Amino acid sequence: MYYWYCYYYYYNYYCCYWYFFYHYNYYCYYYCYYLLLIIIITNIIIVINLVIGTIKCVDNPYEFAVVSENFTKSWIKGPCPKILRIYSICNPFLQSRWEAYKLTLGIYKESEQDFHGTTLSCDIMSRTPPSLCKQPRCGICGITCAGMDPNTIRSDIKDFQRFGKGFYFAPNSSKCNDYADANSKGHKGMLLCDILPGRKYKRTVDDRHLQGPPRGYHSILGEEGARLNYPEIVVDKEDAVMPRYIIIY
């Protein structure tokens, strides 16, 4: 009788153990599955932000004043327009690429801030929270996402490229306004960028046949003089450019 009792007891214990084991693992499996899914989605979002970058509206009064003052004081041709909004740019991928290029410049690693005028196709101010569009013709969002693209250099305005093919920047916002195309609402956008000009090849006259800075130089500096009313800087390396702010006006 004792043996039958022990057999019954251990049999029930064995059945209960496997019942709870399978049920526990069933729920544990789905719990781990959803946890893994959440981790994967989170990492994808992080990677997208690292590669594409993000923007945020500049709410800090001091930061806004510094950027707007740079824009307004460097506007020397005609009346200065009103700034509607300023966005700061965070793009770790472009930042790391920019810093890596800086290390290759040796003694010429000093940076400077210059403006770049390009097309604003989207209504960037209508999106909350602030985000970048995917329109192929929107230079503001495209450069903020992926940096300067050699394939999008304006081949249709060769006559206006005084120093050949390259990425053009200027310390005067009014100069860059000539190349800023407005969106459907009449708003324009301009980028304020950190530039690594390196060793500058200085010119005072047009040299449209240049295919980049001569050997031993990293950029071309157009100085005010016989043919130029305003200075401009031309770089041919996309790594030399780090966009910092989007100015909407």
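The values are calculated or read from the model by the stated rules, or taken from the named source; none is laboratory data. Everything quoted here is computed from the prediction, not taken from an experiment. Every residue, glycine as well, gets a Cβ built from its backbone with ideal geometry; the counts of neighbours run over all protein chains shown. In case anyone asks, the SASA skips ligands and DNA or RNA and just uses the protein heavy atoms, side chains included. Shrake-Rupley method; radii C 1.70, N 1.55, O 1.52, S 1.80 Å.
Scan region 85-111 residue by residue and report those that are open to solvent by 60 Å² or more (accessible area, probe 1.4 Å), over 20 Å from the mean Cα position of the chain (by Cα) and not charged (D, E, K, R). Walk me through it before giving the result.
So the first thing to find is which residues in region 85-111 are open to solvent by 60 Å² or more (accessible area, probe 1.4 Å), and the list is 85, 90, 93, 96, 99, 102-104, 107-110.
Checking which are over 20 Å from the mean Cα position of the chain (by Cα) leaves us with 103-104, 107-110.
Hits for region 85-111 are Leu103, Thr104, Ile107, Tyr108.
Within region 148-163, track down each residue that is modelled with pLDDT under 80 and either within 18 Å of Ser219 (Cβ to Cβ) or open to solvent by less than 60 Å² (accessible area, probe 1.4 Å) (or both). Step through it out loud before you land on a result.
Filtering region 148-163 down to residues modelled with pLDDT under 80 leaves 152-161.
Scanning region 148-163 gives Ile153, Ile157, Gln161.
Taking the condition assigned to a loop (DSSP other than H, G, I, E, B), surrounded by 15 or more Cβ atoms within 10 Å (Cβ to Cβ) and free of Cβ contacts under 8 Å to residues at least 40 places away in the same chain, does Tyr179 pass? The answer is no for Tyr179.
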